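The values are calculated or read from the model by the stated rules, or taken from the named source; none is laboratory data. Owing to the predicted nature of the structure, the values given are computational and were not obtained by experimental measurement. Quick reminder, even Gly has a Cβ in these numbers, built from the backbone with ideal geometry, and neighbours come from all protein chains shown.
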Amino acid sequence: MSYHCPNFAIEKIEYQMKNVNHIVWADLIRVIAILMVICIHCSDPFNVSPEARLNPEYNLWGSIYGAFLRPCVPLFVMLTGMLLLPVEQEIGQFYKKRMLRVIVPFIVWSLLYNLFPWFTGILGLNNSVLSEMFAYAGESPSQTWDSCLHNILMIPFNFNTYTVPLWYIYMLIGLYLYMPFFLHG
């Protein structure tokens, strides 16, 4: 079986590839940072889980691995700055291009994370489910609508126990908000 690709499609891809300023070493740093994020999330249970807290050796090795891998976040921040600064677009165009791609999924996921405790309460699940799923939820997290509503109203200001995985997005939104003020020339 053979596949035929029209010539114009190949020419279009070649044209697009020629017009992209591709920085290979930045991609390499991005791949390394991604692997470091994966590894750091694998080492977190050595510091967060109740079982690990009881074993000082787990905490020691989890802390050593975690400390070695923490530069992943500054690497991503530096790559963001390197690739976007100086901003050579109009402020409105810059925000439209980047913020919508970040804000919409951020709001959807924030709502889902913050409504999850309420849904577990509606389903009649014990609140210990939340403690098991969210390391920082505490001994008896609330499953009430009022608590969920409070967390939802706080989304623009800070992440909470349930939205800890989204902390980087808060920082990225902050970076995007001030970057256009560093315009070229």
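Scan region 117-127 for residues that are surrounded by fewer than 17 Cβ atoms within 10 Å (Cβ to Cβ), out of contact with any Ser or Thr (no Cβ under 9 Å at 6 or more places or on another chain) and not aliphatic (A, V, I, L, M) and jot them down.
119, 124
Any idea which of (1) closer than 20 Å to residue 165 by Cβ; (2) touching a Phe, Trp or Tyr at 6+ places or on another chain (Cβ under 8 Å) is the one residue 87 doesn't satisfy?
(1)
Where in region 1-88 are there helices (runs of 4 or more DSSP H), lying fully within it, with 3 or more residues that are modelled with pLDDT under 70 and loosely packed, with under 10 Cβ neighbours inside 10 Å?
Counting at least 3 such residues, we get 7-18.
Across region 99-134, what is the number of residues that are part of a helix (DSSP H, G or I) and either acidic (Asp, Glu) or within 23 Å of residue 168 (Cα to Cα) (or both)?
Total meeting the criteria: 23.
Can you confirm whether region 45-68 contains a residue that is under 20 Å from residue 136 (Cα atoms), of a type in the set (Asp, Glu) and over 15 Å from the mean Cα position of the chain (by Cα)?
Yes: region 45-68 contains one or more residues that are under 20 Å from residue 136 (Cα atoms), of a type in the set (Asp, Glu) and over 15 Å from the mean Cα position of the chain (by Cα).
Would you confirm whether any residue within region 145-168 is among the aromatic types (Phe, Trp, Tyr), touching a residue at least 60 places away in the same chain (Cβ under 8 Å) and surrounded by 14 or more Cβ atoms within 10 Å (Cβ to Cβ)?
Step one: list which residues in region 145-168 are among the aromatic types (Phe, Trp, Tyr), which gives 145, 157, 159, 162, 167-168.
Those still in the list that are touching a residue at least 60 places away in the same chain (Cβ under 8 Å) too: 168.
Imposing the further condition that a residue be surrounded by 14 or more Cβ atoms within 10 Å (Cβ to Cβ) reduces the set to none.
For region 145-168, residues among the aromatic types (Phe, Trp, Tyr), touching a residue at least 60 places away in the same chain (Cβ under 8 Å) and surrounded by 14 or more Cβ atoms within 10 Å (Cβ to Cβ): absent.
Residue 96 passes all but one of (1) surrounded by fewer than 12 Cβ atoms within 10 Å (Cβ to Cβ); (2) without any contact (Cβ under 8 Å) to a residue 24 or more places away in the chain; which number fails?
(1)
Of all residues in region 135-160, which are touching a helix residue (DSSP H, G or I) at 6+ places or on another chain (Cβ under 8 Å), part of a loop (DSSP other than H, G, I, E, B) and farther than 28 Å from residue 82 by Cα?
Answer for region 135-160, where residues must be touching a helix residue (DSSP H, G or I) at 6+ places or on another chain (Cβ under 8 Å), part of a loop (DSSP other than H, G, I, E, B) and farther than 28 Å from residue 82 by Cα: 135, 136, 137, 138, 139, 140, 141, 142, 143, 144, 155, 160.
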